[in-house]
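Okay, structure first, notes after.
The values are calculated or read from the model by the stated rules, or taken from the named source; none is laboratory data. Everything quoted here is computed from the prediction, not taken from an experiment. Here Cβ is always computed from backbone atoms with ideal geometry, including for glycine, and neighbour counts include all displayed protein chains. All accessible areas refer to the heavy atoms of the entire protein, side chains included, with ligands and DNA or RNA removed. Shrake-Rupley method; radii C 1.70, N 1.55, O 1.52, S 1.80 Å.
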Amino acid sequence: MNNKIIQTVSWLGTFILMLGPYLMHHVSGFILALVGVVLITPPCIQKKQWNLVILNVSSVIGYSIQIYNQTS
């Protein structure tokens, strides 16, 4: 991917993650957090920061479980 695209997507993910905690009492907060984490992952992959990639994958799994539990 283009570095400019990755940087823009990463900033978008950062801003989305800043909103997530304020909405965690609704399922929308977990969805925002999930989307934010997915968007900040490409720069971590590009820079080979595998510890952050593993942390992000763990977060995706955790937020997915929370979304599933709140919607079922």
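Summary table below
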quantity	calculated
Calculated log10 I(q)/I(0) by the Debye sum over Cα atoms at q = 0.15, 0.19, 0.20, 0.25 Å⁻¹ (choose from [x] -0.49, -0.73, -0.79, -1.06; [y] -0.44, -0.69, -0.76, -1.11; [z] -0.57, -0.76, -0.80, -1.06), label	[x]
Estimated FRET transfer efficiency (Asn51, Ser28; beta-carbon r; R0 22 Å; 0.05)	0.15
Residues Gln70 and Met18, FRET efficiency given R0 of 22 Å [Cβ-Cβ distance, rounded to 0.05]	0.55
MRE, 222 nm, helices only [DSSP H, n ≥ 4, -39500 (n - 2.57), over the chain, to nearest 500]	-28000 deg cm²/dmol
Carbon + sulfur, % of accessible area of the chain - ligands and nucleic acids excluded, 1.4 Å	70
Accessible area per residue in Å² at 1.4 Å probe, computed on the chain	69
